[in-house]
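Novice: Following this message is one structure expressed as structure tokens.
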Amino acid sequence: MAKDKSEKKKDKKPSSGDDVAASPKAAAKTAAAPALSYDERKKFVSIIAKPLADEKLTKKVLKLAKRAAKRRQIKRGVKEVVKALRKGAKGVVVLAGDISPIDVLTHIPVVCEDAGVPYVYVPSKEELGAAALSKRPTSCMLLLPKAPPRKSGKDGKGEAKGEDDEAEAKEVAEAYAECEKKIKELA
């Protein structure tokens, strides 16, 4: 006869911490996955992922993406990026080169070229998702040059916060301009 739900749950729970560490699957889950080097990640990139950012540019773009995500200056995912590009948004498109099947992304470079928006591939969708402050891997992202206007009324920010925000906005704008220039040189 089949077990009921409560019995199944009891069977799944380990009786001690030693049992969890002893099983290879559990050990693999608890141990952090070793970070792959740039060259190792590059092995998984599709052959049509051109222009591919070099290691230095990849770090700069992902760092910029993380800062832009905090300021809500990104559009994430194929649908959002294509929608923004068709509406005339300007920025830099960052695509993951290890997407499978790559057909999911093949139309985005064409849309970018039609809109006059620079684009670049990075080796890892996981790192791109992490840079977007997401737990999920991300296939593509549009980095906007300026943050969209915030709706006022909910929070009263002080003067010190406004000055910090302006300084951060200036730093992000400088990093954006530098990355955009290097991406245009690749193309």
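Read-outs throughout are calculated quantities, based only on the coordinates presented, and are distinct from any laboratory measurement. Remember, it's a predicted structure, so these values are computed and weren't measured experimentally. Methodologically, a virtual Cβ is constructed for each residue, glycine included, from the backbone with ideal geometry; neighbour enumeration extends over all protein chains shown.
Novice: Give me the distance in nm between label points sitting 7 Å out from Cα along the Cα-to-Cβ direction at residue 135 and residue 169, one decimal.
Specialist: 3.3 nm
Novice: Separate question: Which order, highest average first, do 121-133, 45-57 follow once you tally other Cβ atoms within 10 Å for each residue and take the mean per peptide?
Specialist: Going by the mean number of other Cβ atoms within 10 Å, highest first, we get 121-133, 45-57.
Novice: Shifting gears a bit: Quote to one decimal, in nm, the extra length available between residue 114 and residue 78 on full extension: 0.36 nm per residue of separation minus the C-alpha distance between them. Write out the running numbers ahead of the final one.
Specialist: Numbers: separation 36, 0.36 × 36 = 12.96 nm, distance 1.64 nm.
Full extension from residue 114 to residue 78 adds 11.3 nm.
Novice: Let me ask something additional. How many nm is it between the label spots at residue 54 and residue 185, if each spot is 7 Å from the Cα in line with the beta carbon?
Specialist: The answer from the label model is 0.8 nm.
Novice: What is the dipole size for the range 27-124, taken about its Cα centre, with +1 at each Lys and Arg Cβ and -1 at each Asp and Glu Cβ, in debye to the nearest 20?
Specialist: So the dipole magnitude of the range 27-124 works out to roughly 720 debye.
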